[in-house]
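Heads up: the structure comes next, in structure tokens.
The values are calculated or read from the model by the stated rules, or taken from the named source; none is laboratory data. This structure is a prediction, so every number in the text was calculated from the model and none was measured. Glycine also receives a Cβ, built like all others from the backbone with ideal geometry; neighbour counts cover every protein chain displayed. For the accessible areas, the whole protein counts, side chains as well, though only heavy atoms, and no ligand, DNA or RNA atoms are used. Shrake-Rupley method; radii C 1.70, N 1.55, O 1.52, S 1.80 Å.
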Amino acid sequence: MAKALKKVKVSMMNAIHDLPLLVARDGGFFRDEGLDVDILKTPGSGQRNSDHQALRENIFERTMEALYDRGQCDQFRMCEWGVMKRAVEAEKTGHRPAKIVALGSAMSTFAIVTDPKAKIYEPEQLKDKPIAVSPYNGSHFTTLKLLEGFLKREQIKWTFAGTMKERLDALAKGEVAAASVMEPWISIAEKRGMRVLMESHSTRSEAAGDELDGPTLAAMFRAEARAAKAIDKDPRKHARYLIEEAGGLLDAKDLKLSRILNAPPEPYTRERFDHTYQWTLGWGLVESGATFENTVDNRAWQ
């Protein structure tokens, strides 16, 4: 008799963050590793018709976080700094603990975009001007990372302006000086004639509770690594997930494929932890007192 597949429930929000997960499921890569992975799609700021459940200031109250907190999923991924905050603060706030279990596969593209009418040509011109982000999400952290090389920290002014669609709308109305968006919304902004001021890739981190064992995580990561290779080989084939999220605002020909970047998951190193934690702590975005030992668990590689 064929061995029964091990069931794993994971959550996701936006396709650019979770593309290897989707490709691994739909390509049968998880099944090849003996896994039956159920992906629970939750509201994300990149989905055209999404509500604000993904944008709550308290990250533990976002839909994806709430599912994990209630035990309805076993594993999730977010921006590296958001996962750091989640792993460090969960037990202190009475929420279900989660450890960082890998540097993830998806390297999500974020960009700061402006409206040419505002005549902003360089990052220095954003001094003390409102930039649309969503707090404690990748757009927030990446904006700080991108701009701190050009402006003093106290000169970087971010403001909450809703979903990706709402941010571009606010930008077009002149309500903000710039907006931080990810794909496919960078391509949508370019299609609308907006200017990409600067952009960068931002790696996801993978998180899980102690209940998900190392061999299962290792099998998941092997499938995601295979998916990353497939995406890299033919990104256009897999771009449909991003086009679907745009909800008719973007044609496949308008998506910049070079922004779709993925790689095999890797162990989360002590050096990476120290660098990321100290940066996040320096901005006052995470609580102090965390250590590599109580935050990271590379059991997939042990």
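For the chain, modelled as a Gaussian network with Cα springs under 10 Å, which listed residue fluctuates most, E154, E183, E206?
Between E154, E183, E206, it is E154 that shows the largest mean-square fluctuation.
In a GNM of the chain with a 10 Å cut-off on Cα contacts, which of G289, G138, G209 has the highest mean-square fluctuation?
Highest fluctuation of the listed residues: G289.
Could you tell me which of rounded, prolate or oblate describes the range 166-302, using a ≥ b ≥ c as the square roots of the eigenvalues of the alpha-carbon gyration tensor, with rounded for a/c under 1.5 and, failing that, prolate when a/b is larger than b/c and oblate otherwise?
oblate
Which angle from 0 to 90°, rounded to the nearest 10, does the C-alpha axis of helix 80-89 make with the longest principal axis of the chain?
Taking Cα atoms only, the helix is inclined about 60 degrees.
State the percentage of accessible surface on the chain attributable to carbon and sulfur atoms; use a 1.4 Å probe and exclude ligands, DNA and RNA.
That share works out to 49 percent.
Per q in 0.17, 0.19 Å⁻¹, report the Debye log10 I(q)/I(0) for the range 85-195, using one uniform scatterer on each alpha carbon and no solvent.
Results for the range 85-195 at q = 0.17, 0.19 Å⁻¹ read -0.82, -0.95.
Keeping all protein chains in place and using 1.4 angstrom, which order do H201, H140 fall into by accessible surface area, from largest down?
Output order, biggest surface exposure first: H201, H140.
List, in the order given, every pair from K85/K145; K119/K157; K117/K191; K145/K237; K41/K85 whose Cα-Cα distance in the structure shown is over 20 Å.
Those over the limit are K145/K237; K41/K85.
Give me the distance between the Cα centres of the range 174-253 and the range 89-162, rounded to whole Å.
Comparing the Cα centres of the range 174-253 and the range 89-162, I get a distance of 16 Å.
What's the angle, to the nearest 10 degrees (0 to 90), between helix 214-233's Cα axis and the longest principal axis of the chain?
50
Would you work out if the chain is rounded, prolate or oblate? Take a ≥ b ≥ c from the square roots of the eigenvalues of the alpha-carbon gyration tensor; rounded if a/c is under 1.5, else prolate when a/b is larger than b/c, oblate otherwise.
Oblate shape, in that a/c is at least 1.5 and b/c is the bigger or equal ratio.
Relative contact order of the chain: what whole-number percent is it, with Cα pairs under 8 angstrom and at least 6 residues apart?
Once normalised by length, the contact order is 27 percent.
About the Cα centre, and with charges only on the beta carbon of Lys, Arg (+1) and Asp, Glu (-1), how big is the dipole of the chain? Nearest 20 debye, please.
The dipole of the chain has a size of about 680 debye.
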